[in-house]
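The block underneath contains the structure these notes are about, expressed in structure tokens.
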Amino acid sequence: MFFEKLFKKKEGQTIEWVEAPPIETTKIMDAASNSAVISDEQKHDHDFRLTLTGLEQRLHTSESTEEIIMEAIKTACDFYEAEWAGILIADVETEAWAPMTCYNRLTGRMESRYTKEIEAFEGFGRWIKAFYDGKPLVVPDASVIKKRFPDEFQHYQRLDVQSLIGTPFGEKPTGFFVVKNPTRYKTYPDMAQMLAFVSMSTFYLQELQQSMAELETNQDDSADEHTIRINLLGMPEVCVGSKKLDMRVYASDNAWKIISFLALKGKPVPGSTLVENIWPKIKDTSDTNPLRSALYQMRSKFQFLCPNIISSNEQGYWFNPDYRVEVDTVLVEELWKKISEEKNHSVRLAHLKQAAKLFRGYLCDNKLDEPWMISYYHTYISLFAQIMTNLLDELGKEKNYVSIHKYASCASTVLTGNSKICFWLTVATYFISGRGAANEVVNASRSSLSSEEFDVLLKEIEAYIKEQGGNL
């Protein structure tokens, strides 16, 4: 495991994990120490100022986000005279930690970003609480909680932790700036908190720069600069002209809930309705402070797309009235209406391909699990099934088995248990790769169908292939 490589335990050591006592911000010094000795706190404050000044001088002219993040982590190691420091990203959905980047002061080894090996949340209950409380976790001496928190003790015995400071950050991404085995200033998380702020602020800038670089290399000069295009069938994103912002770059769930709610409703919505659905724990729906706070943060993030992406009037909240609004869910419904009324094969096929292209994945990529989205989720899954089965039928008229295989393969990952998809995927595989491959495909669908459905499917496949001169 990645964590074991970083925190490799030394043989013969026994380690326990303890929580630090509350940190006092001031200390009353007795006369003797006041006259002769600089207190730990005074020394800490002195070194704190010198270290931050030195960090600023080293990075004053740096334009490299990677350099800034790594220099902040190395500074933590030096300030605390620690063995290791790094940034751990927490994936709440999968309940696991993963290191973004880190530095080992003893070996001088730097680690690349986004290492995929992870450590499960299990046994780290106090870390989770510290994150949600927004408080540092300070462990000056790992020698107390072996009996009180045995699971946690086992983790850190394995990871060779004698002392530790963890400062949480969030909310997107979420995680900790961690200093492992500091040998001085063990009860002072101030520097770790400051460097966490420096690192994560830089990280956010780095992500935005990468997104902007992608935009610059994917310019669409024909795109309408006065239309807000909202795409919800897949990763949520907002596009204006050639510019785009999606949930990967701006990962605020509340922001995308607001955008999705308005886009799916298709009309202005009162603030109380938004609060009731997006912040259901708030009993008084007239309290719009959470909504106003979310909109305030959104304005700065979406500013490069258009000013004030969401505004309000007497009717409620809606997208900037100076822009035309185009939503992919509306477009796909309009296309389906045309398809249902169209009799011409070529026109139907063109519309079906256009509609299929709009589906980039599940509604909001399954990232927003909200009660008010359930009916929409099922609506668009059903619509996707109708579009894809009709598309395959139209392609079947042309016996275009390469295209059939492409679309059926895509649809099968979403529409498991759909016998029409299984039928066309098996048939296309037969005419492209032969009988053996087709048998593997059809047998793979057995578990997702009832025995009756599977028997009917086999008969239909055999009849079709036989009609075309083959034999399954």
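For segment 89-146, the strands (runs of 3 or more DSSP E) that sit wholly inside it and include 3 or more residues that are modelled with pLDDT of 80 or more are 96-104, 137-139.
The set of residues from segment 307-326 being free of Cβ contacts under 8 Å to residues at least 60 places away in the same chain and either closer than 15 Å to residue 261 by Cα or in a loop (DSSP other than H, G, I, E, B) (or both) comprises 307, 308, 310, 311, 312, 314, 315, 316, 317, 318, 321.
Here is a yes/no grid of residues against (1) open to solvent by 70 Å² or more (accessible area, probe 1.4 Å); (2) modelled with pLDDT of 95 or more; (3) hydrophobic (A, V, I, L, M, F, W, C):
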residue: 367; (1), (2), (3): yes, no, no
residue: 398; (1), (2), (3): yes, no, no
residue: 403; (1), (2), (3): no, no, no
residue: 414; (1), (2), (3): no, no, yes
residue: 429; (1), (2), (3): no, no, no
residue: 442; (1), (2), (3): no, no, yes
residue: 468; (1), (2), (3): no, no, no
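For residue 330, the criteria (1) touching a residue at least 60 places away in the same chain (Cβ under 8 Å); (2) open to solvent by less than 50 Å² (accessible area, probe 1.4 Å) hold in every case but one, which is (2).
Just one of (1) open to solvent by less than 100 Å² (accessible area, probe 1.4 Å); (2) within 21 Å of residue 186 (Cβ to Cβ); (3) at pLDDT 50 or above fails for residue 33. It is (3). When segment 338-357 is filtered for residues that are among the small types (Gly, Ala, Ser), farther than 19 Å from residue 411 by Cα and surrounded by 11 or more Cβ atoms within 10 Å (Cβ to Cβ), only 340 remains.
The listed residues are 395, 449, and the only one of them that is in contact (Cβ under 8 Å) with a residue 40 or more places away in the chain, in contact with a Ser or Thr (Cβ under 8 Å, 6 or more places away or on another chain), farther than 30 Å from residue 247 by Cα and not hydroxyl-bearing (Ser, Thr, Tyr) turns out to be 395.
Can you pull out the residues in segment 306-347 that are hydroxyl-bearing (Ser, Thr, Tyr) and under 24 Å from residue 271 (Cβ atoms)? Passing the criteria: 311, 312, 317, 323, 329. Go through the residues of segment 62-77 one by one and say whether even a single one is within 19 Å of residue 139 (Cα to Cα), in contact with an Asp or Glu (Cβ under 9 Å, 6 or more places away or on another chain), part of a strand (DSSP E or B) and not small (Gly, Ala, Ser). Within segment 62-77, not a single residue is within 19 Å of residue 139 (Cα to Cα), in contact with an Asp or Glu (Cβ under 9 Å, 6 or more places away or on another chain), part of a strand (DSSP E or B) and not small (Gly, Ala, Ser).
Looking across 50, 55, one residue alone is at pLDDT 90 or above and at negative phi. It is 50. The lone criterion from (1) in a helix (DSSP H, G or I); (2) out of contact with any Phe, Trp or Tyr (no Cβ under 7 Å at 6 or more places or on another chain) left unmet by residue 383 is number (2).
Taking residues in segment 221-232 that are closer than 17 Å to residue 364 by Cα and aromatic (Phe, Trp, Tyr), and partners anywhere that are modelled with pLDDT under 70 and surrounded by 19 or more Cβ atoms within 10 Å (Cβ to Cβ), not one pair has Cβ atoms closer than 6 Å while being at least 6 places apart or on different chains.
Within segment 327-357, the set of residues being in a helix (DSSP H, G or I) and polar (S, T, N, Q) comprises 329, 340, 346, 354. Among the residues that make up segment 169-183, is at least one of them outside any helix (DSSP H, G or I), modelled with pLDDT of 85 or more and surrounded by fewer than 17 Cβ atoms within 10 Å (Cβ to Cβ)? Yes: segment 169-183 contains one or more residues that are outside any helix (DSSP H, G or I), modelled with pLDDT of 85 or more and surrounded by fewer than 17 Cβ atoms within 10 Å (Cβ to Cβ). Kindly check whether there is at least one residue in segment 387-399 that is part of a helix (DSSP H, G or I) and closer than 17 Å to residue 234 by Cα. Scanning segment 387-399, I find at least one residue that is part of a helix (DSSP H, G or I) and closer than 17 Å to residue 234 by Cα, so the answer is yes. Quick one: in segment 360-380, which of the residues that are part of a loop (DSSP other than H, G, I, E, B) and not basic (Lys, Arg) is nearest to residue 259 (Cα to Cα)? By that ranking, first place goes to 368.
Kindly indicate whether residue 377 is surrounded by 14 or more Cβ atoms within 10 Å (Cβ to Cβ), touching a residue at least 12 places away in the same chain (Cβ under 8 Å) and out of contact with any helix residue (DSSP H, G or I) (no Cβ under 7 Å at 6 or more places or on another chain). So residue 377 passes the test.
Of all residues in segment 345-369, those that are free of Cβ contacts under 8 Å to residues at least 40 places away in the same chain have Cβ atoms under 8 Å from Cβ atoms of residues that are in a helix (DSSP H, G or I) and charged (D, E, K, R), 6 or more apart or on another chain, in 351/338. For segment 237-303, no helices (runs of 4 or more DSSP H) sit wholly inside it while including 1 or more residues that are modelled with pLDDT of 85 or more, among the acidic types (Asp, Glu) and buried (at least 20 other Cβ atoms within 10 Å of the Cβ).
The values are calculated or read from the model by the stated rules, or taken from the named source; none is laboratory data. Values in this document were obtained by computation on a predicted structure and should not be read as measured data. Here Cβ is always computed from backbone atoms with ideal geometry, including for glycine, and neighbour counts include all displayed protein chains. For accessibility, only protein heavy atoms count, side chains too; no ligands or nucleic acids. Shrake-Rupley method; radii C 1.70, N 1.55, O 1.52, S 1.80 Å.
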